[in-house]
Structures are given as structure tokens and as C-alpha cells.
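Take a look at the structure below.
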């Protein structure tokens, strides 16, 4: 991974450059994230993907649109979108694919994660 530094006010933020082996977006997910960032007036924004405790299987995904990476984040460019993952979440999402589907019952963002040992019936949480 390539390490870089961003200036943030008076302090420096250290980030690492990753690649799509960490996480990748499908074309549909990339288009949706780009659309959401534009709609929010953040054409140079990022998608943060994190894994947090919770859900019926123990772990769940958290996604958020932000302006810039935080200290120690890993940045991946996929489908023209910058995706950031913190080092702890990277342990759980390595090799994952983020898709987006427009469907009445099963629509929204879906993560296909090869590290998930099991997932709940709703598909919103997993165990590793």
C-alpha cells in the first residue's frame, strides 16, 4: 500500500492507498454513490464503509458519505468513487463487493463478503 499525507488545518492526516482487493463497487453502486455525492454538493466526497458491532448476527455494515478521509484510513478508488475503510473494518471487508439494486422488496446497497461465516435472514448483519 502507498502511504500519503493530507494537510488538515494545522495537523497532518496519514492515509494509505489500497486497491479493489480490499473492497470494490459494482457499476450500479458506483453510479448511485456518485449521484448521492453530487446531490449533496460533494462532488469530491468519499464513501466510508465500516463494520460495527450490532445486528442480530453480531456485526453490521455502516456506510456514510463524507468530505475527506480520516487519519489512518485506507482509500480505494472503485468505479470512479473513493471508498475509505478504517484499518479495523478492513479486517472484515477484505475481498467484499458493494452492489446497489433498485427493487421494491430487496433494493438498496448490498455487501457480498467472503469473510462472513453467516448472516441473518434480513441480510443486514453478519458474523465472521
Within the stretch 46-67, the residues that are within 8 Å of the chain's Cα centre (by Cα) and farther than 19 Å from residue 99 by Cβ are none
Go through (1) out of contact with any helix residue (DSSP H, G or I) (no Cβ under 9 Å at 6 or more places or on another chain); (2) modelled with pLDDT of 95 or more and name the single condition residue 53 misses.
-> (2)
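Residue-wise test of (1) out of contact with any helix residue (DSSP H, G or I) (no Cβ under 7 Å at 6 or more places or on another chain); (2) modelled with pLDDT of 85 or more; (3) under 21 Å from residue 33 (Cβ atoms).
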{"residue": "72", "(1), (2), (3)": "no, yes, no"}
{"residue": "78", "(1), (2), (3)": "no, yes, yes"}
{"residue": "85", "(1), (2), (3)": "no, yes, yes"}
{"residue": "88", "(1), (2), (3)": "yes, yes, no"}
{"residue": "91", "(1), (2), (3)": "yes, yes, no"}
{"residue": "102", "(1), (2), (3)": "yes, yes, yes"}
{"residue": "107", "(1), (2), (3)": "yes, no, yes"}
{"residue": "111", "(1), (2), (3)": "yes, yes, yes"}
{"residue": "120", "(1), (2), (3)": "yes, no, no"}
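The values are calculated or read from the model by the stated rules, or taken from the named source; none is laboratory data. Quantities reported herein were computed from a predicted structural model and do not represent experimental measurements. Every residue, glycine among them, receives a Cβ derived from its backbone with ideal geometry; neighbour counts consider all protein chains shown.
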